[in-house]
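Down below is the structure, laid out as structure tokens.
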Amino acid sequence: MSLVKRGTVYGTRMNFRGELEALGAQMNESPYKAPPLAPVLYVKPANTWTENGGTIAIPSNVAEVEIGATVAMVMRSPREIEGFVLMSDVSIPHDSFYRPPVKYNALDGFLGIGDRIRARNEAGDPAVFKLEVRVNGELKQTVRFSQLVRPADKLLADVSEFMTLGPGDMLMLGTDAGRPRVRVGDRVEIKMPALGTLTNLFVAEAA
């Protein structure tokens, strides 16, 4: 965890074709009336970070949470990628995508972070990344990064047009539609051969 707990973590919405297709006509309704032209970002602050193997607490008033399995770019400099790391972007299910709300995305522990950073020449081409998400050992989702709207380099270039990423900052590539939902007692494993396995157990929030 100490390897990656050093910068700001940014999530990315609507960067998978399947996610855009799932939203469909909603993107053309008020107040936005069109698909976004720039990347839609949000912050996962330090209180959300949970190490590989750690437990994630679900609040007592929440029945289930959503698992956004993804890969994040770890920055060496504003335009140089140090490597890639697995992430489990946890959120309370909600319908606000253009402006992802803090109250659903930034609860304590709501970001699982892998413990293995792999350099680009070791991890391979991000366009062919594929993750498997298992809940209690059962395969629930396969995430194929060939379906990105903005591939890794394009996403970084577009984000860099309006903000500067610093060393240690992490930028998620996005989470696809069909994100699995889990409850207290569920064990989630996100696996990619080059990046290892990110495992978290979901527990009830302490009284």
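Confirm whether residue 176 is closer than 22 Å to residue 92 by Cβ, of a type in the set (Asp, Glu) and under 14 Å from the mean Cα position of the chain (by Cα).
On the way: closer than 22 Å to residue 92 by Cβ: yes; of a type in the set (Asp, Glu): yes; under 14 Å from the mean Cα position of the chain (by Cα): yes.
When the stated conditions are applied, residue 176 passes them.
Just one of (1) touching a helix residue (DSSP H, G or I) at 6+ places or on another chain (Cβ under 9 Å); (2) not aromatic (Phe, Trp, Tyr); (3) not in a helix (DSSP H, G or I) trips up residue 112, so point out which. Only one criterion in (1) touching a helix residue (DSSP H, G or I) at 6+ places or on another chain (Cβ under 9 Å); (2) not aromatic (Phe, Trp, Tyr); (3) not in a helix (DSSP H, G or I) is unmet by residue 112, namely (1). Restricting attention to the range 54-90 and to residues that are touching a Gly at 6+ places or on another chain (Cβ under 8 Å) and among the β-branched types (Val, Ile, Thr), the residue that is surrounded by the fewest Cβ atoms within 10 Å (Cβ to Cβ) turns out to be 55.
Taking the range 8-45 as the region of interest, how many residues are outside any helix (DSSP H, G or I), at pLDDT below 75 and open to solvent by 50 Å² or more (accessible area, probe 1.4 Å)? I'd like the intermediate steps shown before the answer.
Filtering the range 8-45 for residues outside any helix (DSSP H, G or I) gives 8-16, 29-45.
Next, from what is left, pick out any that are at pLDDT below 75: 29-35.
After this cut, where a residue has to be open to solvent by 50 Å² or more (accessible area, probe 1.4 Å) as well, the list is 29-33, 35.
Summing the residues that are outside any helix (DSSP H, G or I), at pLDDT below 75 and open to solvent by 50 Å² or more (accessible area, probe 1.4 Å) in the range 8-45 gives 6.
Identify the residue in the range 91-115 that is modelled with pLDDT under 90 and aromatic (Phe, Trp, Tyr) and, among all such residues, is surrounded by the most Cβ atoms within 10 Å (Cβ to Cβ). Of everything passing the filter in the range 91-115, 104 is surrounded by the most Cβ atoms within 10 Å (Cβ to Cβ). In the range 46-62 there is no residue matching the filter, namely being out of contact with any Leu (no Cβ under 8 Å at 6 or more places or on another chain) and under 20 Å from residue 174 (Cβ atoms).
The values are calculated or read from the model by the stated rules, or taken from the named source; none is laboratory data. As the structure is a computational prediction, the values presented were derived from the model and not from experiment. Heads up, the Cβs are rebuilt from the backbone with ideal geometry, glycines too, and the neighbour counts pull from every protein chain shown. Note: areas computed on protein heavy atoms with side chains; ligands, DNA, RNA excluded. Shrake-Rupley method; radii C 1.70, N 1.55, O 1.52, S 1.80 Å.
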